[in-house]
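Structure first, commentary second.
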Amino acid sequence: MIKRKRLVKSFCDLVKIDSPSGQEDKIAEYLSEKLTQLGFEVGSDDYGNIIAKEEGNNPLMLSAHMDTVEPGRNINPKVEGDIIKSDGTTILGGDCKAGIAAILEGVESSIENNQKNRPLEIIITRDEEPGLLGAKNLDYSKINSEEAVVFDGNGPVNTITGISPTYMKFDIEITGIGAHAGVEPEKGLSAIKIATELISELPQGRLDEETTFNIGLISGGTVRNAVPVNSQISGEFRSQNTETVELLNLQLKSTISKFQERYEKCSIEYDTETMFKMYRIDEKAKIVKSVFDTLKTLGLEPDIKPSGGGTDANVMLSHGIDCIVVGMATNEMHTVDEYVVIPDLINAAKLTENLSQKND
Ligand SMILES: [Zn+2]
């Protein structure tokens, strides 16, 4: 049986171990020990992702990530009734430790009751938050699962990610000409001025129902009284429509070349990179049906929702693993107001327990 007290304690223990992206050694060690105690053969790949396996055919992957965003150090979880929250100075770390706690409790309960019926591969990635780096560097030759349940969604476990966008990031570096601002400004060419003009010609915010565009960082100059030589712009855009992403990419390129022509004496270098690709849930996939059926036996109706973000599933799908992303009981992720609803966390553990008991 899923034990509420044990689950809440396990979750609180996990969030008390600091694990900002890139600093996951301690949590990895802790989780490896836990999974070994549960009878898994625990290893890792060169990137430091945890790969825990059990003998047998047709394994099911359960996945979550072990890194958290900032401010995420010295987290002090507080249990108030059915809610777990932080003390208000940090995030809670429910993203994604609620997912990890649910997996551990579900497996432990299933083993206790001698009801485990399907071998599991538990993959806990690191470095997810900066751009799914763990999943991108995961050693897929060590993975046998063809299907996965990824615990990294917002809200109750029956909140299913129906669609996730393609995400493209870009960085622009403008080099102008320096000059003394008061003595001979006409000799200079301000990189900051060019940057502001360029930004004003790019789209911003929500462009349509499925598309957003954001400039998140600008920097430039060195001192108040010099015409600035350098400026940098970083941004991203995402859309559930691949064509829109391509069009925005073209628009970005043509805007930059227009400015390069307008300001011949400056140089504008830029770089774009697709961080992850969109996917739409395949309701005919076996794993999707299996999760939906299991949710129904728990009295939960699947609630399919679009997501503006990506998860490890975006990457795993491109490696041929059928994925479904479920809610992990946390809300207001990436803020100091983040909270976990304990009954939802119990349901997430029950989903794990039930999935490990059926073999279809
Ligand atoms: Zn997450």
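For this structure, a couple of remarks:
- A search for C-beta distances below 8 Å between a residue of region 217-230 that is over 12 Å from Thr175 (Cβ atoms) and any residue that is exposed (fewer than 10 other Cβ atoms within 10 Å of the Cβ), counting only pairs 6+ apart in sequence or on different chains, returns Asn225/Gly182.
- When the strands (runs of 3 or more DSSP E) confined to region 247-360 are screened for residues that are surrounded by 15 or more Cβ atoms within 10 Å (Cβ to Cβ) and in contact (Cβ under 8 Å) with a residue 24 or more places away in the chain, those reaching at least 3 such residues are found at 267-276, 322-327, 339-341.
- Of the residues contained in region 14-31, one or more are found to be in a helix (DSSP H, G or I), under 17 Å from Tyr339 (Cβ atoms) and within 16 Å of the ligand (Cβ to nearest atom).
- Across region 137-162, the qualifying residues are those that are among the small types (Gly, Ala, Ser) and touching a residue at least 24 places away in the same chain (Cβ under 8 Å), and the one among them that is nearest to the ligand (Cβ to nearest atom) is Gly153.
- Checking each residue in region 46-67 for being touching a strand residue (DSSP E or B) at 6+ places or on another chain (Cβ under 6 Å) and either away from the ligand (no atom under 16 Å from the Cβ) or within 22 Å of Ile342 (Cβ to Cβ) (or both) picks out Ile51, Ala52, Lys53, Glu54, Pro59, Leu60, Met61, Leu62, Ala64, His65, Met66.
Since every read-out is calculated from the coordinates, none of them should be taken as a lab result. Since this is a predicted model, take the numbers as computed values, not measurements. Backbone-built Cβ (ideal geometry, glycine too); neighbour counts: all protein chains shown.
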